[in-house]
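Have a look at the structure below, then the notes.
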Amino acid sequence: MRTLITGGAGFIGSHLCERFLAEGHEVVCVDNFITGSIPNLDPFRDHPRFKFIGHDISNPLKIPGPIDNVLHFASPASPVDYLNYPIQTLKVGAMGTHVTLGIAKEKKARYLLASTSECYGDPLEHPQREEYWGNVNPIGVRGCYDEAKRFAEAMTMAYHRTHGVNTHIVRIFNTYGERMRLDDGRVLPNFMGQALRGEPLTVYGDGSQTRSFCYVSDLVEGIFRLLFTDYHLPVNLGNPAEITILQFAEEILRLSGSKSRIEFRPLPADDPKVRQPDITRARTLLNWEPRVGREEGLKRTMAYFRNKISSGS
Ligand code: NAD
Ligand code: UDP
């Protein structure tokens, strides 16, 4: 099988490239490095079944030869990144999704869209089930990301209904692990970087907002299973273990042995107050369950960041 992965030089995309190579696929990775990095490709860039194409997927792309699977993961994903690149984020969610669906249609390939829990916005239903339509501010600072992904979902369903493309949509909840960028601004790299450098941990607001953190290998397993189903509606993937951001800061301090303090900073606009996936659909459909507990996942990720910081890379 030949699998196209957009955003393959990013955090999740690089783990997907690795997994599909391990499954015996040829992997074609497309990335423009807007938020990804070449070192993320290092573990497999010389693999004989790996091919890299430097390209902005918001623009048309012709790929010679057959393609069996298209996974569209290209998009800035950290709130700091998509605030820095709002137009690129809207374009890759809209045009990038159109371009990749066009490739899947032409090649008669399976298609999987990386969507997000942000489709639920600042949710009024808790935990979030796939049936919930969300509470999104389209003109707020997060609108560029949330609405791009909501458009991407609509476009994906339209290609399924109109052209019969075998599409899949995964709504990813906060995922973490090795190969996140230390400076991507998300809470986990921020807290870990701060704890390991002995700087104060910056908790936004009073830290009572919640998130539910999923380790990357669990997410990749769920994505792999979903791609080979005939199910076309969105599926939540995430770890339902919910924690407040203040507790999360304390947990990272404990695991790192750091003496850093906690400092409170203003809460960004439209920051969701709660987030927890209802994963009943994934459990039933995919027989999937997250396996890596938070403490184990955090220890692995901390070892990665410790190494990055001490080697200065
Ligand atoms: P990331 O920023 O590490 O990776 C995104 C990758 O896409 C980068 O390598 C970037 O250079 C590439 N990219 C962006 N725009 C592009 C374009 N126009 N053309 C080509 N390449 C482009 O982010 P991530 O956390 O790995 O997220 C990957 C995907 O998963 C995104 O679509 C994101 O919305 C989705 N997602 C992630 C999370 C999470 O918790 N990590 C949660 C929900 C959804
Ligand atoms: N956050 C924080 N300190 C930081 C970075 C983030 O308290 O240094 C908070 C942020 O306000 C949000 C949560 O942590 O409530 C998760 O933020 P992240 O940027 O990781 O992604 P989000 O889940 O909001 O998309």
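Ala154 satisfies every condition listed in (1) exposed (fewer than 15 other Cβ atoms within 10 Å of the Cβ); (2) over 20 Å from the mean Cα position of the chain (by Cα) except (2). For the stretch 143-173, the candidate set comprises residues that are hydrophobic (A, V, I, L, M, F, W, C) and not in a helix (DSSP H, G or I); within that set, the residue that is farthest from ligand 1 (Cβ to nearest atom) is Val165. Annotation note: of Leu124, Leu61, the sole residue that is surrounded by fewer than 16 Cβ atoms within 10 Å (Cβ to Cβ) and either over 16 Å from the mean Cα position of the chain (by Cα) or more than 27 Å from Asn239 (Cα to Cα) (or both) is Leu124.
For first residues located in the stretch 73-101 and of a type in the set (Lys, Arg), partners that are near ligand 1 (Cβ under 8 Å from one of its atoms) and at pLDDT below 95 and lie 6+ apart or on another chain with Cβ distances below 6 Å do not occur.
Kindly establish whether Gly222 is of a type outside the set (Asp, Glu) and over 28 Å from Leu124 (Cα atoms). Considered against the rule, which asks whether it is of a type outside the set (Asp, Glu) and over 28 Å from Leu124 (Cα atoms), Gly222 comes out as no. You will find that of Leu226, Leu253, the residue that is part of a helix (DSSP H, G or I), in contact (Cβ under 8 Å) with a residue 40 or more places away in the chain and farther than 30 Å from Ala282 by Cβ is Leu253 and no other. Across the stretch 22-34, the qualifying residues are those that are aliphatic (A, V, I, L, M) and within 13 Å of ligand 1 (Cβ to nearest atom), and the one among them that is surrounded by the most Cβ atoms within 10 Å (Cβ to Cβ) is Val30.
When residues in the stretch 35-59 are screened for being part of a loop (DSSP other than H, G, I, E, B), touching a helix residue (DSSP H, G or I) at 6+ places or on another chain (Cβ under 6 Å) and within 13 Å of ligand 1 (Cβ to nearest atom), 3 of them pass. Among residues of the stretch 177-194 that are of a type in the set (Lys, Arg), those with a beta-carbon under 8 Å from a residue that is in a helix (DSSP H, G or I) and within 8 Å of ligand 2 (Cβ to nearest atom) at least six positions away or on a different chain give the pairs Arg186/Pro79; Arg186/Val80. Evaluated against (1) within 14 Å of ligand 1 (Cβ to nearest atom); (2) out of contact with any helix residue (DSSP H, G or I) (no Cβ under 6 Å at 6 or more places or on another chain); (3) of a type in the set (Phe, Trp, Tyr), Tyr176 falls short on exactly one condition, (2). Looking only at residues in the stretch 64-80 that are crowded, with 22+ Cβ neighbours inside 10 Å and within 15 Å of ligand 2 (Cβ to nearest atom), the one that is nearest to Ala109 (Cα to Cα) is Ser75. Looking across Gly185, Gly207, Gly177, one residue alone is surrounded by 18 or more Cβ atoms within 10 Å (Cβ to Cβ), within 15 Å of ligand 2 (Cβ to nearest atom) and under 15 Å from the mean Cα position of the chain (by Cα). It is Gly177. For the stretch 11-21, state whether one or more residues are within 14 Å of ligand 1 (Cβ to nearest atom), out of contact with any Leu (no Cβ under 9 Å at 6 or more places or on another chain) and either under 22 Å from Asp183 (Cβ atoms) or in a loop (DSSP other than H, G, I, E, B) (or both). Yes, because at least one residue in the stretch 11-21 is within 14 Å of ligand 1 (Cβ to nearest atom), out of contact with any Leu (no Cβ under 9 Å at 6 or more places or on another chain) and either under 22 Å from Asp183 (Cβ atoms) or in a loop (DSSP other than H, G, I, E, B) (or both).
When Val136 is tested against (1) crowded, with 23+ Cβ neighbours inside 10 Å; (2) within 16 Å of ligand 2 (Cβ to nearest atom); (3) farther than 20 Å from Leu246 by Cα, only condition (1) is not met. Mind checking which residues of the stretch 210-262 are basic (Lys, Arg) and over 22 Å from Glu118 (Cβ atoms)? Matches in the stretch 210-262: Arg225, Arg254, Lys259, Arg261. Lys105 meets the conditions (1) within 14 Å of ligand 1 (Cβ to nearest atom); (2) assigned to a helix (DSSP H, G or I); (3) of a type in the set (D, E, K, R) in every case but one. The failed one is (1). Kindly provide the set of residues from the stretch 209-218 that are farther than 19 Å from Ser256 by Cβ and touching a helix residue (DSSP H, G or I) at 6+ places or on another chain (Cβ under 7 Å), ordered by number. Within the stretch 209-218, Gln209, Val216 meet the criteria.
The values are calculated or read from the model by the stated rules, or taken from the named source; none is laboratory data. Keep in mind that this is a model prediction, so the values were computed, not measured. FYI the Cβ positions are ideal-geometry reconstructions off the backbone, even for glycines, and counts take in every protein chain you see.
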